[in-house]
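Everything below concerns the one structure shown next.
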Amino acid sequence: STLAEGPDIFLPENVYLEQIEIVDGLVTIRKSAAAPLLEKIDRINVRLKFQKPPNLLFDGSLRLGDKPYALISLKGKWNLDLADYQFHFQSKSNRIPGWLLDYQKNHFLLLKKCRLILNADLTSLEESRALFHAKADIDDGLLSLDKILFQGKILADANGLFNFDTKAFERYKGSLDFVNVDVSNLSPEVPSVEAISGKILFQPDLLTIDSV
C-alpha cells in the first residue's frame, strides 16, 4: 500500500471513503505544551474529497484569533502520488497578529498594522520548496523602512520561492503601489510628505522607485 491509495488503505476490502468533512473544528498553537497561546484557529469547516485517487481535493474556511481578527477561505488539489499540490487562499483580516510581527523583526521592510484582503497561490516545485504569488489590498496600513514610516492605502503584489526545510524565502520580488500615502521621518530637512501616490519595486535588500 502507498500514500497515493489514500484513506482506503485503512478500510476493509470493498469499502471506499470518498469524503471527510470537518465541522466547527478547533486548533490551538503553542511553542510548547506549557507556553502561552500563540494562535487560536476555530470555526474550521473543511471538506476533503478523495473521489479521483491519487488526487485529494479540498475546500473550506477557518477563523483566526482568540479574539477573532481574520477569516480565511481555502481550496486546492494535492496529488498524493507525486507530492504535487496547488493551493489557493483568500484572507480578510483587521490586524497583524503578534507572531507575524515577531517573524518580521529581522526584515528591512515591516508591515506593522493594517486591514487586509489577501489572495495567495502556492504551487509545489519540489518536495520541500514551493512557488508563491500573493496580492494584497492594504487599508490603513503602516509600513516601516528603517525609521521611515508609510501610512495609508497600499496595494502589494509579490512572488517568489519558499523553502520549507530552511523556513525561508530563497528568492522574491514584488511591487508596492501607494495611494495617497503619508510618509514621515524622511530626514531632518524633509521630515514628512503627504498624499504620495506611486510605485516601489522590491527584492531582497533592494528598493527601486518606479514612479512617484
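Mind telling me which of PRO191, PRO68, PRO54 comes out most flexible in a GNM of the chain, alpha-carbon contacts under 10 Å?
Most flexible of the set in this elastic network: PRO191.
With springs connecting C-alpha atoms under 10 Å apart, model the chain as a Gaussian network and identify which of LEU142, LEU57, LEU100 has the largest mean-square fluctuation.
Residue with maximal mean-square fluctuation among LEU142, LEU57, LEU100: LEU100.
Nothing charged except the Cβ atoms of Lys and Arg (+1) and of Asp and Glu (-1): what's the magnitude of the dipole of the chain about its Cα centre? Round to the nearest 20 debye. Display every interim value, and only then the final one.
Working: 25 positive and 29 negative charges, 120 e Å.
Charge dipole, the chain, about its Cα centre: 580 debye, nearest 20.
Return the single residue from TYR85, TYR172, TYR103 with maximal mean-square fluctuation; model: Gaussian network over the chain, springs between Cα atoms under 10 Å.
TYR103
Considering only Cα-Cα distances, which of the following residue pairs are longer than 20 Å: LYS173/LYS199; LYS147/LYS167; LYS40/LYS67; LYS113/LYS167; LYS52/LYS75?
LYS147/LYS167; LYS113/LYS167
Per-residue HN-Hα couplings for the stretch 25-40, Karplus 6.51 cos²θ - 1.76 cosθ + 1.60 at θ = phi - 60°, whole Hz, x for Gly and Pro?
After applying 6.51 cos²θ - 1.76 cosθ + 1.60, I find x, 9, 9, 10, 10, 9, 5, 8, 4, 9, 6, x, 5, 8, 7, 10 Hz.
Kindly write out, for the stretch 183-196 in residue order, the coupling ³J(HN,Hα) from the Karplus curve 6.51 cos²θ - 1.76 cosθ + 1.60 (θ = phi - 60°), rounded to whole Hz, with x marking Gly and Pro.
10, 10, 6, 5, 6, x, 6, 10, x, 7, 9, 10, 6, 7
For LYS105, list the aspartates and glutamates whose Cα falls under 13 Å from its own Cα; do not include residues on the same chain fewer than 8 positions away.
Within the straight-line cut-off, LYS105 pairs with ASP146.
Above 25 Å lies some portion of the pair distances; for the chain, what is it as a whole percent of all C-alpha pairs?
Working: 11452 of 22366 pairs.
Every Cα pair in the chain considered, those over 25 Å come to 51 percent.
Got the relative contact order for the stretch 143-203 handy, in percent, Cα pairs under 8 Å and 6 or more residues apart?
For the stretch 143-203, the relative contact order is 33 percent.
Which length gain, in nm to one decimal place, applies between SER211 and THR166 when the Cα-Cα distance is subtracted from 0.36 nm times their residue separation?
12.7 nm
What 222 nm value per residue comes from the helices of the chain, counting each DSSP H run with n ≥ 4 as -39,500 (n - 2.57) and dividing by all residues, nearest 500 deg cm²/dmol?
Only helices count here, giving -500 deg cm²/dmol.
Suppose the chain between GLU18 and ASP139 were pulled fully straight at 0.36 nm per residue; how much longer would it get relative to their current alpha carbon spacing?
Here the answer is 39.4 nm.
Quick one: what are the phi-derived ³J(HN,Hα) couplings along the stretch 101-114, Karplus 6.51/-1.76/1.60 with θ = phi - 60°, whole Hz, x for glycine and proline?
4, 5, 4, 7, 3, 9, 8, 7, 10, 10, 9, 8, 7, 4
Just so you know, all these numbers are worked out from the coordinates, no wet-lab data involved. Every value quoted in this text rests on a predicted model; they were computed, and no experiment measured them. All Cβ positions, glycine included, derive from the backbone under ideal geometry; neighbour counts span all protein chains shown.
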